[in-house]
Amino acid sequence: WHTEAATAMFQVEAKGGPPLTTEKVIRSNGAKTLNDVYDPWNVTVSRDIWNVQPEGGFYCLYRKRQNDTDPPVPDCPNVTATAERHARQLVEAGFDYIAVDITNWPQVNPATDVAVLRPLEVLLEEWSKLRAQGISTPAISVWPCAPVESYPDGHITTWKYLLSTVYNNPIYQSLLWKRPGGDKYTFFVTDNSFNNDTVNKLIEQNGGRNNIEVIKMWALFGQDKFKSGTWGFFSPCVNSQGHFTTSMIGEGECNQYSTVDHQGNVVEVSASGGYMLSQCALPFASPGHMRGLTLQRLFKKVLEQSPPNLFMSSWNEHIGGRQAPAYHAAVAINMGLPKDPQKASVWVDTYGSEFSRDMEPTVEAGDTVYQVAASCVRLYKSGKQCQGNEQEPCCSTEDKLVWNNVWSLFKTVTSPAEPVIRGQQVPPSSKFDNLLTTSNSERVALVKGGQWREACNAVGGPSVFCVDGSISDGRNGPFMIYNSKDAAALSQGLQIPGSADSQALPLFRCIHSSGTHYFSTEKACGGEGKMESQLGFISQKRGGETLRGLFRCRVGGVAGVFVHALDIGCADGDTADPEVELGFVR
């Protein structure tokens, strides 16, 4: 996928430009925009922006074919070193094979060739050379979209190209993955609206060779498909009501669905560095990495069931598609980029350094998720669980359970039916009150009492917070903060506790002399009231795990009436106090 995006970044650097990623733009806190990535350097070969910079630098695997006199892009630099580094990292983490994602390219054309087909061939060439030198590499399988037998315009289908060029090429066959104990090569296909069982049979027959096992795979489908044998390339956590959830704190076990055979035996379980239920750049649409907590929770079932097949995602997935927001709330933008000219072109699968499935070590986020993944795979392969192995990164919790949920409650102004969320015609009133709580039991009791209502998240995903997709604003919804100062100090992965740049800020809930609630980073509550409780800690810097600014807003100029606002600032008619964010939250 990275050929053109890497080429674009190489061109920026050759012209003396800074190698900006989405995460670096976010961390600039408005000093840079996404337009600054390519536009000042007149680079047009790609508009895909790297979300992060891989630990080994920007890379791609394209190399022109022999006798190609007019390649569409230059050869990627350091191809051999890139292929070897990936082989070493994957083998050291315990991965037996990779599945190359070709699900967006059903037919062979120049774009397909540059993006995936030629890089796949180069990877096969390079890993074949490594194996010839006695260097271990994972095996390889493919995962294309295969919707039709043929195209009337003469374009070759990608699945046919893969069979003829890869699977039926004796040079590569020793690299192709076969499930343990099986004698057929594994070939994944998408189990979505593009699934075509007639094509699947043709793939299995492979021109009479009958040496292919087709496995259907997709994500975000119901339990029935898992029961019919479809694999999940990622599988979200499921709450006690049987609904997918992005909530990792305050929920029960992850309990993702497992794939079973006709006898009910578990065949496959998936675990991923993260996942999304909607566009991952939107608030709580993705759980994020959470320092490996998401992967750890998904692995609990893997270690309990010890399935014969474990599928994990993902690797080297640092760019991705963007769309218009699926929700209409004002906060349905790329989190952390509230004033960016591209804020409404939101990332779907991967965003920044935190909200991604990817496990590859990066400059911005380090190798935490990679180390957790390697630990989990070790336990899985040895048949162990976390009991007795609590110090394994896959099992340790002190370094991961660092979050508090923060619910936002509003006191009813005149009647329970009146909207109480800013942006929905709430009249300024001394009777208006906004209370933040990290206690679920307090939330339940106050709401049950009838005077308080919960401000819901405007985007689907969480289950510990209520969700209302009809919300038009959403700036005063729920959020998350750190439960310790040291946790907040490490919020961007590269800081150390006690450093000048990493000092966390405490967040206190205060009660005003007039009886209304507000919050402050000062224990004295700014002299307008007194402290009721400490909610936790917030980061002083935008980026990493905490993308959204937290504002304290005076409502309509009414003395002692406050509301909080996330990311996009205070609503019209309200005044930020102070004028900038108090800090940054999840």
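The values are calculated or read from the model by the stated rules, or taken from the named source; none is laboratory data. None of these values were measured; they are calculated from a predicted model. Virtual Cβ from ideal backbone geometry, glycine too; neighbours counted across all protein chains shown. Note: accessible area is taken over every heavy atom of the protein model, side chains too, but ligands, DNA and RNA are not part of it. Shrake-Rupley method; radii C 1.70, N 1.55, O 1.52, S 1.80 Å.
Taking the Cα atoms of segment 321-384, what is the range of coordinates along each of the three principal axes, in descending order and whole Å?
Projected onto the principal axes, the Cα atoms of segment 321-384 cover 48, 24, 18 Å.
Test of the criteria: in segment 158-253, which trypsin sites (Lys or Arg not before Pro) are in a DSSP loop and have at most 14 other Cβ atoms within 10 angstrom of their Cβ? The partial results should precede the final answer.
Details: sites: LYS160, LYS178, LYS184, LYS201, ARG209, LYS216, LYS225, LYS227; in loops: LYS184, ARG209.
Counting only loop positions with at most 14 other Cβ atoms within 10 Å, the trypsin sites (Lys or Arg not before Pro) in segment 158-253 are ARG209.
Which value, in Å² rounded to 10, gives the accessible area of LYS129 with a 1.4 Å probe and all protein chains present?
100
Not counting ligands, DNA or RNA, and with a 1.4 Å probe, what is LEU202's accessible surface area in Å² rounded to the nearest 10?
Surface accessible to solvent at LEU202 totals approximately 60 Å².
If you restrict to DSSP beta bridges whose two residues both lie in the chain, what percentage is antiparallel, to the nearest 5? Let's see the in-between values first.
Values: 47 of 69 bridges.
That works out to approximately 70 percent antiparallel.
Calculate how large, on average over all directions, the projected area of the Cα convex hull of segment 177-313 is; give the answer in nm² to one decimal. Intermediate values should be presented prior to the final figure.
On the way: hull surface 38.1 nm².
Approximately 9.5 nm², given one-decimal rounding.
Just report the Cα centroid separation between segment 23-48 and segment 305-366, whole Å.
Centre-to-centre (Cα) distance: 17 Å.
Pop the C-beta distance of ASN35 and LYS225 into the FRET formula with R0 = 45 Å and round what comes out to the nearest 0.05. Write out the running numbers ahead of the final one.
Numbers: r = 41 Å, r/R0 = 0.92.
That gives a FRET efficiency of 0.60.
Please report the accessible area of GLU317 (heavy atoms, 1.4 Å probe, ligands and nucleic acids excluded) in Å², nearest 10.
We get 20 Å² for GLU317.
Cross-link list LYS225/LYS384; LYS160/LYS227; LYS184/LYS225; LYS225/LYS448: which exceed 31 angstrom alpha carbon to alpha carbon? Show your work: numbers first, answer last.
Details: LYS225/LYS384 29 Å; LYS160/LYS227 29 Å; LYS184/LYS225 23 Å; LYS225/LYS448 39 Å.
Flagged as over cut-off: LYS225/LYS448.
As a test of reading the structure, rank ARG118, ARG131, ARG378 by solvent-accessible area (1.4 Å probe, protein chains only), most first.
On the way: ARG118 15, ARG131 85, ARG378 120 Å².
Order by accessible area, largest first: ARG378, ARG131, ARG118.
Could you name the aspartates and glutamates whose alpha carbon sits less than 12 Å from that of LYS530, not counting residues in the same chain fewer than 8 places away?
GLU522
Ordering TYR172, TYR275 from largest to smallest accessible area (1.4 angstrom probe), what's the sequence? Could you put the intermediate results ahead of the total?
On the way: TYR172 25, TYR275 5 Å².
These residues rank, largest area first, as TYR172, TYR275.
Sorted from largest to smallest, which semi-axis lengths in Å does the alpha carbon gyration tensor of the chain give for its equivalent ellipsoid, taking the root of 5 times each eigenvalue? Could you put the intermediate results ahead of the total?
On the way: eigenvalues 410, 137, 99 Å².
In descending order the semi-axes read 45, 26, 22 Å.
Given the pairs LYS129/LYS178; LYS32/LYS523; LYS178/LYS216, which span a C-alpha to C-alpha distance of over 23 angstrom in this model?
Values: LYS129/LYS178 20 Å; LYS32/LYS523 34 Å; LYS178/LYS216 15 Å.
Pairs exceeding the cut-off: LYS32/LYS523.
Between ASP153 and THR69, what's the calculated FRET efficiency when r is the beta-carbon distance and R0 is 22 Å? Round to 0.05.
Details: r = 26 Å, r/R0 = 1.18.
Working from the Cβ atoms, E equals 0.25.
Once the piece of chain linking ASP468 and GLN173 is laid out straight, how much longer is it, given 0.36 nm per residue of separation minus the C-alpha distance between them? Please report the intermediate quantities before stating the final value.
Details: separation 295, 0.36 × 295 = 106.20 nm, distance 5.15 nm.
The ASP468-GLN173 span can extend by a further 101.1 nm.
Label LYS339 and ASP367 with points 7 Å out from Cα along Cα→Cβ: what is the distance between them in nm?
For the pair LYS339/ASP367, the computed spacing is 3.9 nm.
Determine the gain in length on full extension of the stretch ALA111-GLN391; use 0.36 nm per residue of separation and subtract their C-alpha separation, reporting nm with one decimal.
Details: separation 280, 0.36 × 280 = 100.80 nm, distance 4.65 nm.
Here the answer is 96.2 nm.
If you roll a 1.4 angstrom probe over the protein chains with everything in place, what fraction of the accessible area of segment 237-369 belongs to carbon and sulfur, to the nearest %? Numbers along the way, then the final one.
Details: 2090 of 4210 Å².
Solvent-exposed carbon and sulfur of segment 237-369 make up 50 percent of the total.
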